[in-house]
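The values are calculated or read from the model by the stated rules, or taken from the named source; none is laboratory data. The model shown is predicted, which means the values in this text are computed figures rather than measured ones. Glycine also receives a Cβ, built like all others from the backbone with ideal geometry; neighbour counts cover every protein chain displayed.
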Amino acid sequence: MPTNILFLTGFMGSGKSRLGAIVANALGWSFVDLDRAIEEREGRSPGEIIEQSGEPAFRNIERARLMSLPLNRDAIVSLGGGAFVDDENAAWIKRAGKVAYVRLSPEDLYERLKNKTDRPLFRKTGEPKPTRDEALAKIADLLARREPRYLEADLVFEANNGPIAENVERLRLDIIELFRLEARKANQ
């Protein structure tokens with residue numbers, strides 16, 4: 001039986017890691033958080049790598065770690081917000097499995113990110129906290145650049161800031177349906 005691999009993509013703070021871990025558990029699948037896998041191997045967080053070595057160095061590390069993941073059983077893989085935007089990563093990801101875009105509005109993303117200091121592409125450590133309007137403008141700008149690639153996903157999951165259990169159940173059902181349709185296509 002083929003292995004079901006689902007990559008979760010979306011903007012930072014969209015809930016990919018939290019949703020992915022809970023849904024994978026509910027499905028009986030394994031779960032991989034790419035950012036955590038990078039941190040385990042490198043001994044530094046993605047934010048620290050970007051601040052210390054720059055984004056291009058981080059993207060090279062990210063690509064190498066992504067392509068070395070053991071994907072030999074059903075799994076959900078949570079990608080960092082920029083992983084799927086990279087052309088080489090996107091091509092590899094699309095060959096390796098299916099992609100779901102966890103989509104949130106800029107306002108909901110702002111609510112989740114407004115107090116974070118560990119997101120160097122959003123707010124660097126030591127920088128003053130941006131105003132609401134400045135933060136929304138940054139989110140909207142980065143999202144506008146990334147969303148065309150996110151929308152190439154096999155599934156666009158409209159998340160919300162409601163109860164996590166509601167998002168988990170909706171995503172679980174969407175994933176089941178996505179792979180059921182894929183199995184039907186393969187059997188035709």
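Just wondering, is there one or more residues in the range 98-107 that are among the β-branched types (Val, Ile, Thr), at pLDDT 95 or above, within 21 Å of Asn160 (Cα to Cα) and in contact with a Gly (Cβ under 8 Å, 6 or more places away or on another chain)? Yes - at least one qualifying residue is present in the range 98-107. Has the range 30-37 got at least one residue that is more than 20 Å from Ala159 (Cβ to Cβ) and either aliphatic (A, V, I, L, M) or touching a residue at least 40 places away in the same chain (Cβ under 8 Å) (or both)? Within the range 30-37, one or more residues are more than 20 Å from Ala159 (Cβ to Cβ) and either aliphatic (A, V, I, L, M) or touching a residue at least 40 places away in the same chain (Cβ under 8 Å) (or both). Against the test of being of a type in the set (A, V, I, L, M, F, W, C) and in contact (Cβ under 8 Å) with a residue 24 or more places away in the chain, the options Ala64, Ala24 yield a single qualifying residue, Ala24. Just one of (1) among the basic types (Lys, Arg); (2) within 17 Å of Ile164 (Cα to Cα); (3) touching a helix residue (DSSP H, G or I) at 6+ places or on another chain (Cβ under 8 Å) fails for Lys16. It is (3).
Tell me, which residue of the range 32-50 that is among the charged types (D, E, K, R) and buried (at least 17 other Cβ atoms within 10 Å of the Cβ) is nearest to Gly80 (Cα to Cα)? Across the range 32-50, the extreme among qualifying residues is Asp35.
Results for (1) at pLDDT 95 or above; (2) over 22 Å from Leu27 (Cβ atoms); (3) in contact with a strand residue (DSSP E or B) (Cβ under 9 Å, 6 or more places away or on another chain), shown as yes or no for each residue.
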{"site": "Arg132", "(1), (2), (3)": "no, yes, no"}
{"site": "Ala135", "(1), (2), (3)": "no, yes, yes"}
{"site": "Tyr150", "(1), (2), (3)": "yes, yes, yes"}
{"site": "Leu155", "(1), (2), (3)": "yes, no, yes"}
{"site": "Asn161", "(1), (2), (3)": "no, yes, no"}
{"site": "Ile164", "(1), (2), (3)": "no, no, no"}
{"site": "Arg170", "(1), (2), (3)": "yes, no, yes"}
{"site": "Asp174", "(1), (2), (3)": "yes, no, yes"}
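Yes/no per residue for (1) farther than 23 Å from Ile175 by Cα; (2) crowded, with 22+ Cβ neighbours inside 10 Å:
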residue: Leu6; (1), (2): no, yes
residue: Thr9; (1), (2): no, yes
residue: Gly20; (1), (2): no, yes
residue: Ala24; (1), (2): no, yes
residue: Ser30; (1), (2): no, no
residue: Ser53; (1), (2): yes, no
residue: Glu62; (1), (2): yes, yes
residue: Leu69; (1), (2): no, no
residue: Ile76; (1), (2): no, yes
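Can you pull out every residue in the range 76-109 that is in contact (Cβ under 8 Å) with a residue 60 or more places away in the chain and polar (S, T, N, Q)? Of everything in the range 76-109, just one residue is in contact (Cβ under 8 Å) with a residue 60 or more places away in the chain and polar (S, T, N, Q), namely Ser78. In summary, Ser14 fulfils each of the numbered conditions (1) part of a loop (DSSP other than H, G, I, E, B); (2) loosely packed, with under 15 Cβ neighbours inside 10 Å; (3) not hydrophobic (A, V, I, L, M, F, W, C) with the single exception of condition (2).
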